[in-house]
Number of protein chains: 2
Amino acid sequence: MQSRYFTLTDYPTGLPRRELFALETQELPELGPNEVRIRNHWLSVDPYMRGRMSGIRTYVTPFELGKPMEGGAIGEVIESTDAKVKVGDRVSHMGGWRDIAQLPAQGVTVLPDHDVPEQAYLGILGMPGMTAWTGLNRIAECKPGDNVLVSAASGAVGSLAVQLAKAKGCHVIGIAGAAHKLAWLESVGVEPVTYKDRTAGELSDAIQLASPEGIDVYFENVGGICLEAALSQLNEGARIAVCGMIDSYNAEKPAPGPSNLSQLVVRKAKMQGFIVADHWSNYGYFLNEVAPQVAAGKFDYQETVKEGLESTPEAFLALFEGGNTGKMLVKLEG
Amino acid sequence: MQSRYFTLTDYPTGLPRRELFALETQELPELGPNEVRIRNHWLSVDPYMRGRMSGIRTYVTPFELGKPMEGGAIGEVIESTDAKVKVGDRVSHMGGWRDIAQLPAQGVTVLPDHDVPEQAYLGILGMPGMTAWTGLNRIAECKPGDNVLVSAASGAVGSLAVQLAKAKGCHVIGIAGAAHKLAWLESVGVEPVTYKDRTAGELSDAIQLASPEGIDVYFENVGGICLEAALSQLNEGARIAVCGMIDSYNAEKPAPGPSNLSQLVVRKAKMQGFIVADHWSNYGYFLNEVAPQVAAGKFDYQETVKEGLESTPEAFLALFEGGNTGKMLVKLEG
């Protein structure tokens, strides 16, 4: 049986060009002991993958040039030499960017039995959901009644962060760009604020209008003017969970940071970066809390779906151009 | 009896001009009930006072134009209508920028009985010492064996932070400018690193050379290139205590922040501002721990002393030009 997969042919500078991604084919070997073969149904593309394309070790190891790329995926087991993972099981795993994955069984997780679509485990019940939940609760110590600001608020992580904060009884303000994203925020009870065509000062004023009592928690996905505007509106003892700074991921030369970082002193505020992988031991706890609410339809989780393995690079690149509402997914045929 | 005191005549932009400070004289009224009259021996000038000259409420209320300015001071009680504070008591209080202070007795603290010079209660055993101790222990959660970086490391707060960290068994790196400051750092067992004529990148390289195993704790007093260089050298889980950012206090227009703030995510680091006043309930605990060590000569605390009430504005302004090693003090005659 053959597997078709993407490789990275060179480490990009700036926004990666489409040509850097090459679609390859290989004949899969027989399964070794305790291995599984999986037909992928859904592939995940995520901004953090840009960090694996730098050739420099950050918090994840770089993609190896010419080797199959990796990423979250959901599929069905079609062959197994492992006692615990059986043919027909639906599983989540990291063998994405390909149609057929062949992996050690210990690297795959059989999906739990909640009444949700299987791709939810790449979004609201997967890494993005767990990231939103961890940042909000564990890093920013969000409490009912807090004024919570989220940047990239209609993105995969942001769209869950705003809804988790709403469910907690917070006043939530979301920053986004396109009109349909702002409309979606409003539809889930979030105060929408656009960053488009605004300076940091103008964005700060707009946040103040949306949250006259200031900001207690800021869930940061963007950096740039969003961070500068948020710093200006912090309340005393505010907590900033830094999930990412997508604004800078493709920067060819370093862009200056906010000029008002001393607000951290003035407001006695905390700003803390985190990587969800470090908190994965809480995943079961997260799932117990959030999965029943998802099954009950309590969250409006958005998906943007591209069709076919070939569209994976385009799906990934669209993340940096505001091309997704909610979780960006690739749906495979078959 | 007369009191001579400084007032601020206007709120400055940028570095305050000397002419903004006016020396005035007033005839003091009779003492009311529970009041004390104090002959000041020592006045404190501190960078945070710049924040009180902005006319905008930050974490301290602005100085009122034309009214006596305020600041830490040590003096001797020469008249009292209060049962607890007696004539002859040596006290610390906030009625500085003047020779004779007249205050409610509840606003003064009788100095404890440690064998230290009285002005130590404006420095190592006062607000700067308490600031260093709080930032290091309570905010940055410094542990024995940590690699600790301190900016403005020979300043009033920095010079205590480096020595407290040394006493804790840490490897300590200090950033300073002038040669005699670097020499002093070396004399107390701290790795000296100069920021002079260096870019952020060059400073980062110099820090790496002084601390090849990275930085676990950064005690931040400066901002600017010091922060950018420090961010590049953080270890995983590093903690930054932001005490101040003196680099920006006199800036007439906002200077950009560091371009590498996303290191907070990559290194899962925490950056937290604090104001020592919020932690004053620990002052007794701090004094019990540190005062006996000061009395035993375990710390080399530096002072820069200007003579006479008239020199107070010059002493204050010199803080922004590297004019002090350790605590800047004004010594009054009589």
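No lab work stands behind these numbers, since they all come straight from the coordinates. The structure displayed is predicted, hence computed values, not measured ones. Every residue, glycine as well, gets a Cβ built from its backbone with ideal geometry; the counts of neighbours run over all protein chains shown.
Key figures
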{"item": "Region A:1-15-region A:93-148 distance, computed between alpha-carbon centres (Å)", "result": "24"}
{"item": "Over region A:46-203, relative contact order from alpha-carbon pairs under 8 Å, at least 6 apart, %", "result": "12"}
{"item": "Whole-Hz couplings from phi, Karplus 6.51/-1.76/1.60, listed for region A:95-110; x for Gly and Pro", "result": "x, x, 6, 7, 8, 10, 10, 10, 9, x, 4, 5, x, 10, 10, 5"}
{"item": "Longest DSSP-loop-exposure-free segment, GluC sites (Glu not before Pro), chain A, at most 16 other Cβ within 10 Å", "result": "A:253-332"}
{"item": "Local net charge near B:Gly308, Cβ-Cβ under 12 Å (Lys/Arg +1, Asp/Glu -1)", "result": "-2"}
{"item": "Label spacing, shortest first and in nm, from B:Pro29 to its equivalents in the remaining copies (7 angstrom along Cα→Cβ)", "result": "9.4"}
{"item": "Residue-count net charge about A:Gly257 - beta-carbon cut-off 10 Å; Lys, Arg +1, Asp, Glu -1", "result": "-2"}
{"item": "Residue among B:His171, B:His180, B:His41 with the largest mean-square fluctuation in a Gaussian network model of chain B, springs linking Cα atoms under 10 Å", "result": "B:His180"}
{"item": "Partner chain coverage, peptide B:252-260 - average Cβ within 10 angstrom", "result": "5"}
{"item": "Choice from A:Ser281, A:Ser311, A:Ser92 showing the highest fluctuation, given a GNM over chain A with Cα pairs closer than 10 Å", "result": "A:Ser281"}
{"item": "Amide H within-cut-off set for A:Tyr218, under 5 Å, with H built and near neighbours excluded", "result": "A:Leu149, A:Arg239, A:Ile240, A:Ala241"}
{"item": "Separation between Cα centres of region A:265-334 and region B:77-91, rounded to whole Å", "result": "66"}
{"item": "Partners for A:Lys268 among lysines (Cα-Cα distance below 21 Å; same-chain residues under 8 apart left out)", "result": "A:Lys143, B:Lys268, B:Lys270"}
{"item": "The protein assembly as shown - Rg over Rh from alpha carbon coordinates, Kirkwood radius", "result": "1.06"}
{"item": "Anisotropy class of region B:129-277 from Cα gyration tensor, a/c 1.5 cut", "result": "rounded"}
{"item": "Vicinal HN-Hα couplings computed from phi for region B:296-305 (Karplus, 6.51 cos²θ - 1.76 cosθ + 1.60; Hz; Gly/Pro x)", "result": "7, x, 7, 10, 9, 9, 9, 9, 10, 10"}
{"item": "For A:Leu65, label point 7 Å along C-beta direction: distances to other copies, nm", "result": "6.5"}
{"item": "Gyration tensor verdict on region A:109-189 (Cα atoms; rounded if a/c is under 1.5, prolate if a/b is larger than b/c, oblate otherwise)", "result": "oblate"}
{"item": "Bridge type composition, the protein assembly as shown - antiparallel percent by DSSP, nearest 5", "result": "55"}
{"item": "Length released on extending from B:Arg18 to B:Lys166, taking residue separation times 0.36 nm less the Cα-Cα span", "result": "49.5 nm"}
{"item": "Exposed trypsin sites (Lys or Arg not before Pro) absent - longest run of chain A, DSSP non-H/G/I/E/B, at most 14 other C-beta within 10 Å", "result": "A:87-195"}
{"item": "Estimated vicinal HN-Hα couplings, Hz - region A:41-52 in sequence order (Karplus 6.51, -1.76, 1.60; Gly, Pro = x)", "result": "9, 9, 10, 9, 10, 9, x, 4, 4, 4, x, 7"}
{"item": "At 7 Å out from Cα toward Cβ: A:Tyr11 inter-copy label distances (nm, ascending)", "result": "4.9"}
{"item": "Under 13 Å, Cβ to Cβ, from B:Pro104 - net charge with Lys/Arg +1 and Asp/Glu -1", "result": "0"}
{"item": "Shielding score for B:236-242, defined as the mean number of other chain Cβ atoms within 10 Å", "result": "3"}
